[in-house]
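The values are calculated or read from the model by the stated rules, or taken from the named source; none is laboratory data. All values reported here derive from a predicted model rather than from experimental measurement. Here the Cβ is made from the backbone with ideal geometry for all residues, glycine too, and neighbour counts use every protein chain on show. Heads up: the accessible areas ignore ligands, DNA and RNA and are worked out on the full protein's heavy atoms, side chains in. Shrake-Rupley method; radii C 1.70, N 1.55, O 1.52, S 1.80 Å.
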Amino acid sequence: MPRKEHQFALDERHLLTQVHIDGILLFILGLVLTSGLMILYSASEQNMHLVIRQGIRAGIGLVLMILMAQLPTTALRRYSPAIFGGLLLTLLLVLLTGDASKGAQRWLDLGFVRFQPSELMKVVLPLWIATLLHRYRAIIPFERFMAAGISIIAPVLLISMQPDLGTAILVGSAGGMALFFSGLSWRYIIGISALGCAMMPLGWHHLQPYQRQRITTFLDLEKDPLGSGYQILQSRIAIGSGGWQGKGWLQGTQSHLDFLPERTTDFIFSVMAEEWGLQGVLALLSAYFAIILRCFYISMKAEDRFDRIIGASLTFTFFSYLFINIAMVTGMLPVVGVPLPLISYGGTSIVTILASFGILMSIQTHKQRKLF
Amino acid sequence: MIKAPKRQPLRDAFLDRSHDRKIFTLRLFLLTAIILASFIMLIAHMYRLQITDHSQYITKSSRNRIRINILPPPRGLIYDRKGKLLAHNQATIRISIIPEDTDNLNQLLEKISSSVPLDSSVLKRFHERRKMIRGSEPVPLLYHITDQQLATLSVDLANLPGVVLESHIIRHYPNKETMAHVIGYVSIPDATDLRQEPENLHYGSIGKQGIEKYYDKLLKGSVGMQQVEVDAHGRPVRVLQETPPEAGADLHLTIDLDLQEAAVNAMGDYTGAAILLEPDSGNLLVFVSQPGFDPNLFSSGMKSSQYRKLSSDPLHPLFNRALKGRYPPGSIIKPFMGLLLLSTPEIREAMNPRGIYCPGHYRIPNYKRPYYDWKRQGHGWTTLNKAIEESCDVFFYSISLKLGIERISSFLNLFYLNQKTGVDLPGEVSGLIPSPEWKSRRMNKSWFPGETVITAIGQGYMLTTPLQSAFATALLLSKGKGYQPHFLAKVGGARKTTSHHALPIQISSENKIPPWAWGQIQQAMVNVVHGKHGTARGLGKELDFMMGGKTGTAQVVALPQDEVKHPPTLEDHAWFIGFAPAQQPEAVVAILVEHGGSGSKVAAPIAGKILQAYMKQKNAS
């Protein structure tokens, strides 16, 4: 009897694997998405219309995730040059013709849908870098390394010209991670980091005035309590006043009295921390950490080198989203405009993140089918 | 070029592969460690914010509330052409409620109504507003309260949590009825206004009629805003940000308050309109529609009973007759018909030098029905000049068929009688010059010669407004060149004033009006007042200056010619168009008295009084 039970359990797993879905990942994602909609309901002053819209986007993201999971990663490898090239062109197009929203040209209007091509780049760039480099074991030929370098610098420059510093940093670090996991030697890594530090003063000159202001503000919060430091100060008051227990769902006073600008998007974490308290924060962070661990596990177990590189890089991108966002709203980093993954209101980010989890599911499930 | 990796022996490959895997796994662990450290860092930071510094932030949060105060701009003032104030702003107190600070709103409203009566329209407006304003901001309840009500409320204020008394500006019109139809009025924006322009919520009042509406954008200015941090009790702690309001521009009008008053007095109890226009500039100096109404009722939000009374008044005081009233012009069309005759050489030259014989009636060839002259015994031989002076109908009956309706209607169109003048007031309507084409389009019927005959004396389908009549007369006396009638003279901003440039208007020269013809018609109109047989000779005798004009008596309905008794609403409309001085006209008037009867007996004396006031003022300066 016990043996049979075991058999049954195996079959069950086999079923999910057959449809290429990773049950653990899906479960945690579902939890985060559901609580995300609840937080959004409160942050939007109980605007059901907004919540439904975000729910639909999450639904689209989940469908896309399942579709991506059906696609073996070899297909991604085959098409990545075309996708990357196309997206790079689109970025150029956005820069030339894009729809300016809040002073930055990030949106491309396709008539039926508006999306941010720069968000998509966070997924596509690691794919392309992995395609370029996955054949080479520890030693990467110099021309390949140069090609990868240019592939990273070009989109980063285009996105920072939009100007969208936050996304540019995320795209750059996604590409960098792919390089790192391709086995780039430490000498290169240290060299690049040193060069990066040396270039920093030069970069300062190319920042937009508002970006510089955000950095100076960050360095001295109290100096400008009414200007851009005000946002962070208010966000900290919201978070701090939440305490251990929080003020309760829909009960946040800070968040409902108009201090937190962007409280449904970039600053939604503050709303959550105010209403759900540190216990809510811990739960959310644990869920995020569990997602990361699961994805790293999948990457580590992957048979294919390409799979490992993209698995680890995409997971890191997810991490950098949440880390930058939370560090930003708590005043540990300057305000750069990065959404809280899976929770912030907005379409492109949730869809691309879920799609990248689809790729991870594909890595996990396709490999297993080959084994059995 | 992508070089394919060299095939290696299986063992090497395995070794290499595991080496590569080792590197990957090592790096993955490294990254995991970094990520774990980052999470710990975040949690430590959150712990400090939410646990260690919690009490500090909770105090800050309870103290920290922001209120946006809207700073409404003062509305621009309106002056007449001599700088007399026609509309200004007065400070009053209004009662507002901050819904968030009340425990039970309905109970509170009940309490308030014990000292200040709240009628249903006030409550309706309040509830409409409440939906559009955030709960932490005051929602206006009552805009106008008496000093005594204010006193009782102030005493009670401590027991009425959420009630605030706010200073508030309301519009005041010192001249009341006299200027009502020019200035119009403002009112507290209602639900419709807010739907059209949500921004209106922040303005105490918006233009609803007249100059106030037409130039609302100029007058209203732009709203300022003040971001105030308040404590838990709503007391302001500090002003975070302030954008001061921008005052609306002051308007200087062409209207002349003294003349306007003279015109209102001259109109007396008659219902109708009086307009004085300067033909050389298009300036409107007098613009009266009687009866008027008190625009102050609107600006402070009148009671619904008051509004019902105004709108159901049989004399329709809210109706702007000078701008929107359409009346058959009657005989005041004759000078224009005369000008057409002089401009049509083939008919003019074929006429008998003695003119046309008037036996007191006219028959269209081959038709039986006679068209009577107002003078049943007839005018005898009548020239054009005599026809205008004595207002001979038969003369115009008989030339009308020779001229033809097409020529008549296209000629009258030149004088803006079939289109809006474009005056700077909202809601202007156009008169109507009929034509066979119009009739077939409108009624699907063909045109009859009899209709041409009565069109020639301004009856039938033809309609004009008092403003159009005044403007057409101005064009007639300025030989076809003039300016669009207008009220705006100057816009005075906070820093600079700009003069208004009226649109020049010229009658198209394709219609060959001989240059001498204008003068001949003008002289004929002078004879109407000063000639031996002029229809307004009674007026001429009383004047100490020379003027010209034309009387008109427009039938409302075709009454049987000998019926004497009929209700006053069927009485004829009395018209008079006139000008002064006789030789160099500087002012043109148009008077209409609804159901006033004879133009010469009723309308002409009013015109005389207004022109007399104008001449007196002119000679004094």
Check: Hey, any hits in segment B:592-604 for a residue that's touching a residue at least 40 places away in the same chain (Cβ under 8 Å), assigned to a strand (DSSP E or B) and closer than 20 Å to B:Asp269 by Cβ?
Finding: yes
Note to self: Conditions first: (1) at pLDDT 90 or above; (2) more than 8 Å from chain B (Cβ to nearest Cβ); (3) closer than 30 Å to A:Arg77 by Cα. A:Leu293 passes all but one, so which condition is the exception?
What the structure shows: (2)
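Residue-wise test of (1) in contact with a helix residue (DSSP H, G or I) (Cβ under 7 Å, 6 or more places away or on another chain); (2) charged (D, E, K, R); (3) under 27 Å from A:Thr74 (Cβ atoms); (4) crowded, with 24+ Cβ neighbours inside 10 Å.
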position	(1), (2), (3), (4)
A:Glu303	yes, yes, yes, no
A:Ser313	yes, no, yes, yes
A:Met328	no, no, no, yes
A:Val336	yes, no, no, no
A:Pro339	yes, no, no, yes
A:Gly347	yes, no, no, no
A:Leu354	yes, no, yes, yes
A:Phe357	yes, no, yes, yes
A:Met361	yes, no, yes, yes
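Rundown of residues vs (1) aromatic (Phe, Trp, Tyr); (2) more than 11 Å from the chain's Cα centre (by Cα); (3) not in a helix (DSSP H, G or I), yes/no style:
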| site | (1), (2), (3) |
| --- | --- |
| A:Phe306 | yes, yes, no |
| A:Ile309 | no, yes, no |
| A:Leu314 | no, no, no |
| A:Tyr321 | yes, no, no |
| A:Asn325 | no, no, no |
| A:Gly331 | no, yes, yes |
| A:Val336 | no, yes, yes |
| A:Pro341 | no, no, yes |
| A:Ser349 | no, no, no |
Check: Inside segment A:269-287, can you point out the residues that are more than 8 Å from every other protein chain (Cβ to nearest Cβ) and under 18 Å from A:Phe319 (Cβ atoms)?
Finding: A:Phe269, A:Ala283, A:Leu284, A:Ser286, A:Ala287
Note to self: Is it the case, given these coordinates, that A:Gly30 is within 21 Å of A:Phe289 (Cα to Cα), without any contact (Cβ under 8 Å) to a residue 24 or more places away in the chain and touching a Leu at 6+ places or on another chain (Cβ under 9 Å)?
What the structure shows: yes
Check: Just for strands (runs of 3 or more DSSP E) wholly inside segment B:43-150: which have at least 1 residues that are touching a Pro at 6+ places or on another chain (Cβ under 6 Å) and open to solvent by less than 20 Å² (accessible area, probe 1.4 Å)?
Finding: B:85-97
Note to self: Could you check segment B:20-69 and list, in sequence order, the residues that are touching a residue at least 40 places away in the same chain (Cβ under 8 Å) and more than 7 Å from chain A (Cβ to nearest Cβ)?
What the structure shows: B:Ser62, B:Arg63, B:Arg67, B:Ile68, B:Asn69
Item checked: Complete set of residues in segment B:17-42 that are open to solvent by less than 30 Å² (accessible area, probe 1.4 Å) and either among the charged types (D, E, K, R) or not in a helix (DSSP H, G or I) (or both) -> B:Asp20, B:Arg27
Item checked: Odd one out for B:Lys217, checked against (1) closer than 19 Å to B:His168 by Cα; (2) without any contact (Cβ under 8 Å) to a residue 40 or more places away in the chain -> (1)
Check: Restricted to segment A:232-258, and to residues that are at the interface with chain B (Cβ under 8 Å from one of its Cβ atoms) and farther than 15 Å from B:Leu49 by Cβ, which residue is modelled with the highest pLDDT?
Finding: A:Thr253
Note to self: Condition first: surrounded by fewer than 21 Cβ atoms within 10 Å (Cβ to Cβ), free of Cβ contacts under 8 Å to residues at least 40 places away in the same chain and not hydrophobic (A, V, I, L, M, F, W, C). Can you find one or more residues in segment B:422-430 that meet it?
What the structure shows: yes
Margin query: Cβ-Cβ under 6 Å, sequence separation 6+ or interchain: first residue in segment A:320-343 and touching a residue at least 24 places away in the same chain (Cβ under 8 Å) and facing another protein chain (nearest Cβ under 10 Å), partner crowded, with 22+ Cβ neighbours inside 10 Å and of a type in the set (A, V, I, L, M, F, W, C). Which pairs?
Written below: A:Ser320/A:Leu170; A:Ile326/A:Phe269; A:Gly331/A:Ile232
Next item on the list: For segment A:61-78, enumerate the residues that are surrounded by fewer than 15 Cβ atoms within 10 Å (Cβ to Cβ) and of a type outside the set (S, T, N, Q).
Entry: A:Val63, A:Leu67, A:Ala75, A:Arg78
Next item on the list: Name the single residue, out of those in segment A:1-51 being outside any helix (DSSP H, G or I) and over 18 Å from A:Glu274 (Cα atoms), that is modelled with the lowest pLDDT.
Entry: A:Met1
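Each row is one residue, and each column tells you yes or no for (1) modelled with pLDDT of 90 or more; (2) over 29 Å from B:Arg81 (Cα atoms).
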| residue | (1), (2) |
| --- | --- |
| B:His500 | no, no |
| B:Ser509 | no, yes |
| B:Ala517 | yes, yes |
| B:Gly534 | yes, yes |
Next item on the list: Output the number of residues of segment A:161-177 satisfying the condition of being closer than 17 Å to A:Leu333 by Cβ and either of a type outside the set (Val, Ile, Thr) or open to solvent by 10 Å² or more (accessible area, probe 1.4 Å) (or both).
Entry: 8
Check: Out of the residues in segment B:171-192 that are surrounded by fewer than 17 Cβ atoms within 10 Å (Cβ to Cβ) and farther than 26 Å from B:Val286 by Cβ, which is nearest to the chain's Cα centre (by Cα)?
Finding: B:Thr192
